[in-house]
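Right, one structure below, let's go through it.
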Amino acid sequence: MATIDSANVKDDCQEKNDNENSNNKTGSSEINVMPGKIKKLNLKPSASPTSFLAKSSLLLPSGVAQVKQLSNISASKSMENKSNTMAVGSSCSATGNPRNKTALAPGHSLMDWIRLGSSNVDLTGVGGVHQVVTLTELAKHNKRNDAWLAVRGKNPESPKIFSDWKQTTNTITFIYKVTDDKFFPNYQLIRENNNEFRIKINQINGVINHEYDLIDGVNWPPKWKKNYDTMEIDFCFTKLIGKIWKFYGSRTIGSQIKSTERNYRQWQIVCNTMLCDNINLLVLKSKDYMEIMRIGRHVEVKMNVMGTEVSRYYTPVPSSIHPDDEAPGYKPDCLCLIVKRYNDGALSPSITALQQGQYVTLSNELGTFAIESFDQCSIIHLLSAGTGLTPMLGVIQWALCRRNITTINLINFNRNEKNIFYQQQLDKISADERLNVVHILSEPDDSWVGRRGKVSDVLLNELIGRAIKHSCIFTCGPIAFMTVAREALVKLGWTTSQLHEFDG
Ligand SMILES: Cc1cc2nc3c(=O)[nH]c(=O)nc-3n(C[C@H](O)[C@H](O)[C@H](O)COP(=O)(O)OP(=O)(O)OC[C@H]3O[C@@H](n4cnc5c(N)ncnc54)[C@H](O)[C@@H]3O)c2cc1C
């Protein structure tokens, strides 16, 4: 019986040149893994990739593979008979390519594989349970009715992730880059111990897992850096012992179907600071875990309030929008939330009262907003009211990193001076002449010299004007504010594809 499955590969990095100063680079790999149930192929560290090539046609350059397993599974007879006769031996390429290909038996086509794939038969043969498969093990399954294949291939639905690594005496950095997709994935890092950690890459179509087993220990958490222009993210670990490694160790690659289930973790309060009258900045951290969330996404926060579980959504904000003003106590594995306290609210009074060391439950990243959908826009208007500024902070940070963006126009509405938060930070980053910030207060003190008023047709006509190409507008605030803004902007000719409303 033939079955097809996605692959997991344990790839062993190649030996590194012992040149300390060069940030050596080898062992890069490009992976392309089909979402689906998982098998693992474990390439033993002892052999070099080229020795595998000589021994086995199953070898995958740079240690990357997809596994096809042909095994004994109980399936419907008709399907079994059909698939038994589908694969009929293999042949070397006429061009001398050592990769063998398996021809389909006469009378069978790709459609048979597709039908088989969607037949609900357990094609993995192991019920989709993860399994490490060594090359030796793989080689044993070479019978007509028990054949496993490692297949190098490309799944067009899954964007390619390029990964690389480099080192100095004291650090080791793992670099990830999406090469054929404009959407940044969400990255989750889970630490097992000093040597072992996992990077989970959550893409639109599926999840890729990289499990690292390093040859030596590293400190947690790694520093990380995102580059929105190159679509790269770096995770830089400091080594426990500062010396050049011959290689980093080994890595197992797997994939899984994207789950819509929410995962919850306990997060500890690192710091809770009042930003203004009724708004707090919370810095939180979870043990052996970090998640690099995407702009404009939110989390669900759950707390037990007087015996009842209450949950609300909050939007993680960057740890700083100006390098001088990093959130207090922030480390790279932390998450920052800005929460407004409503005295009659069910949850916000409890969250804003949390003390350092106390715990709160947070979900993983939620939402579908993709900032990259607006990457053709060179002019960005941001309309925020109150804590509606929270999603805008990430957008501003993203926009300032993008060279094609010429104008970022933030119009920030509040009741009075006491309600404005991040004013100094915004002033500092306004040194970049592309960013223009206007604070508008509806009930200011007499001393306020800035603009006064509420969102209206007249105001938006003056500050934003009529719709133009390659421009977009993001809005976030209370419902009444959003309604007035939407109606005014539609009157000014802005289309729905140019407008995005954040919930908040
Ligand atoms: C996707 C999403 C992201 C969000 N991100 C943030 C964030 O980053 N920071 C943040 O502080 N809040 C955010 N919110 C709002 C947050 O989820 C809660 O609604 C808010 O904290 C109030 O919760 P509560 O339980 O204290 O009040 P509730 O018990 O829900 O409401 C009590 C009273 O508070 C007032 N109130 C509640 N919410 C608002 C509001 N938005 N505007 C005006 N008055 C209100 C009303 O008077 C209401 O009667 C977000 C909401 C969504 C849907």
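The values are calculated or read from the model by the stated rules, or taken from the named source; none is laboratory data. Predicted, not measured: the structure shown is a model, and the values here were computed from it. Because the Cβ atoms are built from the backbone with ideal geometry, glycine has one as well, and the counts that use them run over all protein chains shown.
The strands (runs of 3 or more DSSP E) located wholly in region 307-375 that include 1 or more residues which are crowded, with 16+ Cβ neighbours inside 10 Å and more than 12 Å from the ligand (Cβ to nearest atom) occupy 334-340, 359-363. Among the residues of region 476-499, those identified as touching a residue at least 60 places away in the same chain (Cβ under 8 Å), buried (at least 18 other Cβ atoms within 10 Å of the Cβ) and within 13 Å of the ligand (Cβ to nearest atom) are 476, 477, 481.
The criterion of being within 16 Å of the ligand (Cβ to nearest atom) and part of a strand (DSSP E or B) does not hold for residue 393. Is it fair to say residue 420 is among the hydrophobic types (A, V, I, L, M, F, W, C), more than 16 Å from the ligand (Cβ to nearest atom) and crowded, with 18+ Cβ neighbours inside 10 Å? No. I'd like the full set of residues that are crowded, with 16+ Cβ neighbours inside 10 Å and outside any strand (DSSP E or B), limited to region 431-461. Of everything in region 431-461, those that are crowded, with 16+ Cβ neighbours inside 10 Å and outside any strand (DSSP E or B) turn out to be 434, 444, 455, 459, 460.
For the condition crowded, with 16+ Cβ neighbours inside 10 Å, over 21 Å from residue 370 (Cα atoms) and either modelled with pLDDT under 85 or not assigned by TED's automatic domain parsing to the domain that holds residue 244 (or both), what is the one hit in 148, 165? Matching residue, one of 148, 165: 148.
Restricting the first member to region 225-246 and to residues that are acidic (Asp, Glu), and the second to residues that are in a loop (DSSP other than H, G, I, E, B), the beta-carbon pairs closer than 7 Å and six or more apart or on different chains are 229/402; 229/403.
Each residue in region 199-245 was checked for being under 16 Å from residue 177 (Cβ atoms) and assigned to a loop (DSSP other than H, G, I, E, B), and 5 of them qualify.
Within region 257-270, not a single residue is part of a strand (DSSP E or B) and small (Gly, Ala, Ser). Contact map, region 372-389: residues that are without any contact (Cβ under 8 Å) to a residue 12 or more places away in the chain paired with residues that are within 15 Å of the ligand (Cβ to nearest atom), Cβ distance under 9 Å, separation 6+ or inter-chain. Pairs shown: 373/500. Selection of region 289-299 for residues being assigned to a strand (DSSP E or B) and more than 9 Å from the ligand (Cβ to nearest atom) yields 289, 290, 291, 292.
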